[in-house]
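Worksheet: the structure to be examined is printed underneath.
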Amino acid sequence: MSSRSIALHADRHEGHRHVLRALWLTALAMALIVAQAIVAQARPDSFAELAEKVSPAVVNITTTTVVAQGTMPMPMVPEGSPFEDFFREFQDRNGDQPRRTTALGSGFVISEDGYVVTNNHVIERADEIIVEFFSGKTLKAELVGTDPKTDIALLKVEAEEPLPHVSFGDSDTARVGDWVVAMGNPLGQGFSLSAGIVSARNRALSGTYDDYIQTDAAINRGNSGGPLFDMAGNVIGVNTAILSPDGGSIGIGFSMASNVVSRVVDQLRQYGETRRGWLGVRIQDVTADVAEAIGLDKVAGALVTDVPEGPAAEAGIAAGDVILSFDGREVSDTRQLVRIVGNSEVGKTVRLVVFRDGKTKTLKVTLGRREVAEGAIPVAQPGNDMPDQAEKRR
C-alpha cells in the first residue's frame, strides 16, 4: 500500500472518530436536557394551590390547665440566708392559690362533623381545649380519647355547618425524596407552612409502635399535632417530634406515619380507647449465633424466651420457638412482630408458623387484648410482651 493510501485511510479513520464523538456529545446533551426537564417537572413551581386547598382544615390548639401554686419549687437560697424565711413565708401564704397555664399546638380536622386529630402531649392534663380555625373562628373541643403509645389524641368540636376536612393517605407509599408540606402553629406565630422532602422512613424513637417519617420540612415547637401532607393534599404523617440541641428546627423532624395514626383514630372514634391484639410472649431478635445454634438457615423471626399465662401459652407456643410467620406475614424481627400483633383484631384467631426442633410447626392462637393484659402486668417490665429496643431504653 502506498504512503498516499495509508494517509487517506488514516484521514477516514480520524473522520469517523470525530463523527462518533459528535454523536456521543449530542446524545449526552439530549440526556441532560431530558433529565433537567424531569427534575423541573418533579419540583413544584409553587405550593400555593396545595396550601389553599388544605389550610381550612388545619387548626391551632390552645389548652389551659389549672395548677396549684404550691407545686412551684422554692428558689434555691443558701441555708441560713436572711432570704430563706422570706421565700418560705411567701410560698406558704400563696401556695394554695391556683394559677392557669396555657400551651399551644396544632391539629387537623378529619371529618365534616368535627373530629380533630392532634398529639396527646398537646392536650395532656388540659382543663380546657380551644380550637382555632384558619378563618379565625374558635370552638371549644371535647376530648374523645388518647393513645399515649403513639402520642395521638382525638378531639370533637360542634359546629353549625359542615367543616372543611382532610383525609389520611397511605404512608407506606411515601418514598425518600418525595416532597412534603408541614402545616401548623410554630412558636405560637399562627398558621404557617414549610416544605421539604421525606428524609427517611420507619424511624423509631422510644415507643413500641413507633413508625416515624423523618423530614427536613421545618418543624418547631407548636407544630406538634399538625399534619404532614403529600403533594396530593393527603395527610401522611402527624408532626410529633424534632431532634434539636436548642429546641429549634435543624432539619430533623419526625411525623408519626398515617397508617399508624388512622388505625388508632378509628379505634378512638369507635371505642374512646385503643384495643390492640395481644399474643402474650417475651421475645428477642434472632442473631446469627442463635440461628446457627438452632439450625435455622436465616437470621429472621422472633425468638420466644418466655411464655407466661395468656393466649400464646394456650396455643402451645413454647420458649425456644422462633416465630417465622404471623397471620400469613413473614416476621423479620421483633419490632415488626410487635406492630403486626398490635394492629390485629382482638379475639381474632390467627396462624403462627414457628421453628422448633429443626422443623416448622403451624399453630393457631386466639389473640387477647393488650390493654387488659397491661392492667395485670406492668408495661415497663423487662421483656414484657414483645418489647423492642426502644421500649427497653425507655
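Brief remarks follow.
- FRET efficiency, ASN202 to THR366 (Cβ-Cβ, R0 30 Å, nearest 0.05): 0.55
- Rounded to the nearest whole Hz, the Karplus-based 3J(HN,Hα) values (6.51 cos²θ - 1.76 cosθ + 1.60, θ = phi - 60°) of the range 268-283 follow the sequence 4, 5, 7, 10, x, 7, 8, 9, 9, x, 9, 8, x, 9, 10, 9, with x at glycine and proline.
- Extension gain from ARG99 to GLU161, taking 0.36 nm per residue of separation minus the Cα-Cα distance: 18.8 nm
- Virtual spin-label span in nm between ALA293 and THR138, 7 Å along Cα→Cβ: 6.2
- Alpha carbon centroid spacing (whole Å) that separates the range 165-207 from the range 233-259: 6
- In the structure shown, the pairs LYS149/LYS361; LYS298/LYS361; LYS149/LYS348 are assessed against 24 Å; a Cα-Cα span above that value is assigned to LYS149/LYS361.
- Computed from the C-beta positions of ASP306 and GLU124 and an R0 of 22 Å, the FRET efficiency is 0.10 to the nearest 0.05.
- Extension gain (nm, one decimal) between ARG329 and THR64, 0.36 nm per residue minus Cα-Cα: 90.9 nm
All of the numbers you see were taken from the coordinates with simple rules; none came from a lab. These numbers were taken from a predicted model, which means no experiment stands behind them. With ideal geometry, Cβ positions are generated from the backbone for all residues, glycine too; neighbour counts draw on all protein chains shown.
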